[in-house]
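Nothing in this text is a laboratory measurement; each read-out follows from the coordinates by a stated rule. As the structure is a computational prediction, the values presented were derived from the model and not from experiment. Cβ placement follows ideal geometry from the backbone for every residue including glycine, while neighbour counts extend to all protein chains displayed.
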Amino acid sequence: MAEPSASSASTAAAAEQTDADRMDALDRMLTRLALADDARLAPVLARVLPYAVTSLASPAPAVRKLVMEILSHINKRVKHRPEISLPMLELWKIYTEPTSSTMVRNFCILYIEMAFERLPTEEKGNIAPDLLINISNIPPQHQGIILRLVTKAIGECNTHKVDETIASKYRVITESSDGLLFADFCFHTLLYQAPSQGSGCPAGLSVVQSERVTGKQPLKIDVLASRKLGILNVIEAMNFTPEIVYPLYLSASSDSQDAVSKKGDEFLKRKASTVNLEDPDLIKRLFTLFNGMHFAFSWVLINAV
């Protein structure tokens with residue numbers, strides 16, 4: 001039996017096979033992986049990884065066990081070899097497939113993160129806006145991973161400008177719940193400051209929000225500054241209402257990095273001068289800046305009674 005092609009690596013296609021067929025295909029794929037040297041590994045992974053991940057939808061324990069053996073082999077081979085590419089777009093198609101199971105998506109997101117990090121910088125910048133579409137409908141933990149990938153790409157690609165082609169892709173979500181979620185994450189990133197020893201959470205952020213911004217490691221000052229500059233450029237290009245962008249620009253205007261504070265002040269004067277300061281949602285966000293997350297949350301609760 002011929003091995004399935006990468007284009008057939010979807011949950012639906014995998015479901016059409018019997019467990020015996022799937023076991024046979026997976027076993028041959030494992031052999032191909034073992035025989036491929038590092039120089040030829042990427043093309044093999046382009047076929048093997050999507051098929052292996054979708055095979056996790058199988059209820060058969062033997063299939064899942066063989067898949068885990070394949071994934072363990074892949075992890076060992078690529079962990080310390082960032083130059084070995086992974087099939088980013090194919091994994092993203094599987095993740096966004098409506099019929100993909102929770103287990104398939106959970107494994108997909110892990111490899112999407114690895115695959116995105118290995119892309120050329122320009123390709124990251126091109127793909128990043130697409131990852132935000134429907135982000136409000138995925139689990140919060142997955143949202144954090146995707147948002148960090150997007151803002152990292154923004155920091156690498158958009159520190160100085162946003163090309164109109166890329167800007168138009170970001171504007172697709174401006175008026176949606178996806179856009180609001182992205183703007184909130186950008187707000188939290190702009191609030192985040194590299195902590196000094198023993199300083200705890202940055203002002204205005206909860207522990208959860210701070211960790212959502214940083215992921216596993218605190219952000220270095222230069223990386224954080226580039227990310228903030230890129231965020232400001234992208235947010236400006238997305239044409240949000242003044243009430244949405246005002247807190248972001250206000251926060252940036254007080255940043256400890258001169259380049260960030262200058263750009264924040266510029267956008268605050270140029271883009272948010274018509275803001276309605278009596279907007280209830282804006283007031284809540286400004287209380288976050290003034291009193292910090294705990295007090296702002298208390299104020300919202302009091303005024304909701």
Worksheet entry | Calculated on alpha-carbon atoms, Rg and Dmax of the chain in Å | 22.1, 68
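What is the magnitude of the charge dipole of the chain about its Cα centre, with +1 placed on the Cβ of each Lys and Arg, -1 on the Cβ of each Asp and Glu, and no other charges, expressed in debye to the nearest 20?
On the way: 32 positive and 34 negative charges, 123 e Å.
Around 600 debye, computed over the chain.
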Fill in: Charge dipole (the chain, unit charges on Cβ, about Cα centre) - positive-most of Pro195, Thr165, Pro98
Pro195
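Only four residue types carry charge here, +1 at the Cβ of Lys and Arg and -1 at the Cβ of Asp and Glu. Report the dipole size of the range 172-282 about the Cα centre in Debye, rounded to the nearest 20. The partial results should precede the final answer.
On the way: 10 positive and 14 negative charges, 98 e Å.
Magnitude of the dipole: close to 480 debye.
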Item to complete: Can you grab the distance from the C-alpha centre of the range 251-292 to the C-alpha centre of the range 140-182, Å, no decimals?
Response: 19 Å
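Just to verify a number: FRET efficiency for Asp265 and Leu89, C-beta to C-beta distance, R0 = 41 Å, to 0.05?
On the way: r = 39 Å, r/R0 = 0.96.
According to the calculation, E is roughly 0.55.
With +1 assigned to the C-beta of every Lys and Arg and -1 to the C-beta of every Asp and Glu, and no other charges, what is the dipole magnitude of the range 1-118 about the Cα centre in debye, to the nearest 20?
Details: 14 positive and 14 negative charges, 56 e Å.
My answer is approximately 260 debye.
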Discussion item. For the chain, take the longest principal axis of its alpha carbons; what is the angle in degrees between that and the long axis of helix 293-304, to the nearest 10 within 0 to 90?
Written reply: 80 degrees
Discussion item. Angle check, please: helix 242-253 long axis (alpha carbons) against the longest principal axis of the chain (alpha carbons), in degrees 0 to 90, nearest 10.
Written reply: 80 degrees
